[in-house]
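The values are calculated or read from the model by the stated rules, or taken from the named source; none is laboratory data. Just so you know, these numbers come straight off a predicted model, no measurement behind them. FYI the Cβ positions are ideal-geometry reconstructions off the backbone, even for glycines, and counts take in every protein chain you see. Surface areas here come from the heavy atoms of the whole protein model, side chains and all, with no ligands, DNA or RNA. Shrake-Rupley method; radii C 1.70, N 1.55, O 1.52, S 1.80 Å.
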Amino acid sequence: MSKGLITLLLISPLIGFLINGLFGKWLKNVSGWIASLAVLISFIISAFVVFPAVRSGGELKETLYEWIPIERIESLNIGFHIDALTTVMLLIITGVGFLIHIYSIGYMSHDSGRARYFAYLNLFVFAMLILVLANNYLMMFIGWEGVGLCSYLLIGYWFERKSATDAGKKAFIVNRIGDFGFLLGMLTLFAAFGTLGFDTLFERAATNTYEQVFGASTLIVATLLLLVGAVGKSAQIPLYVWLPDAMEGPTPVSALIHAATMVTAGVYMVARSSILFNLAHTGVVVAWIGVLTALFAATMALAANDIKRVLAYSTVSQLGYMFVGVGVGAYTSGIFHLMTHAFFKGLMFLTAGSVMHAMSDELDMRKMGGLKSKLPITYWTFLIGALAIAGFPLLSGFWSKDEILHNAWDGGHQVIFGIGLLTAFLTAFYMFRLIFVVFHGESRVDSEVESHLHESPPVMWIPLVLLAIPSLIIGAIVGWGGEDSAIHNFLGDVFTHHGTSDHSNPIPFMVISSIVGIAGILVAGFMYRNKAPLNEPTNPLHKLIANKYYIDEIYNAVFVQPIRGVSHYLFWKIMDVSIIDGLVNLTAFIIRGIGGSIRRLQTGVVQAYVVSMVIGIIIFLGYYLFIR
């Protein structure tokens, strides 16, 4: 692999960002194509240069330059670390990202600020590429913070709306909590190992040659702090609250954040740190956080009526499955689900955008219905995505989700397996609740809107078809054969541990998960095929779920308002007004007093000035003649 090509892979989206950012005012009509071309170049290099080289046993570990030289400690460098795991992430980020860029050309065609939008989108991809290409935790952290910044810019893209700016700030602040944990974990690793480079750090961890910063618990503390970062970025309990509100951004942004980039960063970081989590035996914490998040988010999706929020809760839930996979040691299975999820979740967000495009940006499912005949391409592609996430036999989600549940059972985590199976039923139920309410039954569309219903233009529906194809077949292509499948063989050398080595027969698990998924579909069809969701909750449990367990209200009462109150009185009333403003005002008062006193000497009477000059001369002569 050529170092120059890898550098081009990385900086191509950055060049697109600079072109649209600096010259977008004049390139507005072609800004989408410029941004798409930038990502396409990265995808071509990933698919036709990086993937073949890694598949044939190649690996690239290249230091570009020394960033921060440190005496007696390994210097902090900027460089690449490309292996099979990196390659999978590169293909997802650039492949799915490219289709989202193309889709955005049609979706944002009437937006006056689309050059700014595409500049942000390219910067987002660039930051994610830094994150996955990094050969050390510090460079990974730069990309980590970069995607956080870009999420803020894109979620709040329509900054004229208060709801959008509030959502952007919420995402930024909640992620800062997780990022602080990641930073502390990174500093702990640096103190213990004297390096942040993956190769050296992992080697010293495996051979037990590092400083015991926290005694025997050093690795436990470090990995749990890294996990805090992953929980924030991948929207797990208790830091998941930013992700549903991120729906305030344009729908393609939701697809990019939820499918190909930001939220997968936490899963990737845990997988990249697999050696540390294995040695610290903290994977079980990861798994429990994941499975509880999966169930919790799935229940909230049951009562949501906003089409994008249903998909948002679905993303949180599916990320929980990925955490279960990497938590029980089945790292390949977790990354496998990350890959399949990127296709079918990207597909469903873009199809939701297609529905919104036809419905004049309507999001409430209760105002839809009967759209199947009006939007046939959108319907069939959405159906494929829904079947995939529901674990319908032989579709992509069936293979990856089944592997995670199977590994949880074989690893002795039967309770996690049971909760995961219940969540699989709920997933199938709420996704087909959405399908039946939006596309089937009688139309509840406003008559004026219904008269303008139309399928999306080719620039929008072609990406849907291209994403629907891997949603159908990618699971079988790379997942057939279990532990001997293509995905396991490809990632086999990256992970030193694959969960339990004694695997039970996978057929019963496939049958069970298929029955559970199909049961969820059938129950949803029975309840919602010709019926819309109720406008108001009918019982306390329904009300509790519809109000998202009042978690936002609890956070507001316990954290937001007290911090705001302390900030108001301590930092504003006391620090700002009394101390800082007081010092400034005191300085002004003193200078004004001095100036007022000196001003009195300026009488305007010439005789007074002459007397002053004579007195000054006498004092000067007296000093030099008698004192000096």
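Extension gain, residue 511 to residue 544: 0.36 nm times the residue separation minus the Cα-Cα distance gives 8.5 nm. Here the Karplus curve 6.51 cos²θ - 1.76 cosθ + 1.60, taken at θ = phi - 60°, turns the phi angles of region 522-535 into couplings of 5, 5, 4, x, 5, 8, 10, 4, 10, 8, 8, x, 5, 5 Hz, with x standing for Gly and Pro. Using alpha carbons only, the radius of gyration of region 399-501 set against its Kirkwood radius gives Rg/Rh = 1.14. Looking at the square roots a ≥ b ≥ c of the eigenvalues of the Cα gyration tensor of region 1-112, which shape do they give, rounded for a/c under 1.5, prolate if a/b is larger than b/c, or oblate? In terms of gyration-tensor shape, oblate. Note on residue 240: accessible area is roughly 10 Å² with a 1.4 Å probe, heavy atoms of protein only. Tilt of helix 307-327 relative to the longest C-alpha principal axis of the chain, in degrees (0 to 90, nearest 10)? Orientation of helix 307-327: about 90 degrees from the principal axis. Only helices enter the 222 nm calculation for the chain: every DSSP H run of n ≥ 4 contributes -39,500 (n - 2.57), and dividing by all residues gives -22000 deg cm²/dmol, rounded to 500.
Backbone phi angles across region 37-44, fed through the Karplus curve with coefficients 6.51, -1.76 and 1.60 (θ = phi - 60°), yield HN-Hα couplings of 4, 4, 6, 4, 4, 5, 5, 4 Hz in residue order; Gly and Pro are listed as x. With respect to the chain, whose longest principal axis is taken over its alpha-carbon atoms, helix 458-479 is tilted by about 70°.
For the pair region 379-447 / region 14-52, the C-alpha centres are spaced 34 Å from each other. The order of 450, 66, 442, 403 by accessible area, most exposed first and with a 1.4 Å probe, is 442, 66, 450, 403. Counting only the heavy atoms of the protein chains, how much of residue 462 is accessible to a 1.4 Å probe, in Å² to the nearest 10? It works out to around 80 Å². The alpha-carbon of residue 548 sits under 15 angstrom from the alpha-carbons of these aspartates and glutamates, leaving out residues fewer than 8 places away in its chain: 245, 306, 536. Ligands, DNA and RNA aside, residue 10 has an accessible area near 20 Å² when probed at 1.4 Å. Scanning residues 5 or more positions from residue 76 or on other chains, those with amide H under 5 Å from its amide H are 67, 68, 70, with H placed 1.01 Å from N in the peptide plane.
Helix 414-439 and the longest principal axis of the C-alpha atoms of the chain enclose an angle of approximately 90°. Computed over the chain, the percent of Cα pairs more than 35 Å apart is 44. Other residues lying with their Cβ under 9 Å from the Cβ of residue 60 contribute a combined charge of -1, Lys and Arg counting +1, Asp and Glu -1. Over the chain, Cα pairs under 8 Å with separation of 6+ residues give a relative contact order of 12 percent. Of the listed residues 114, 599, 444, the order by accessible area with a 1.4 Å probe, largest first, is 599, 444, 114.
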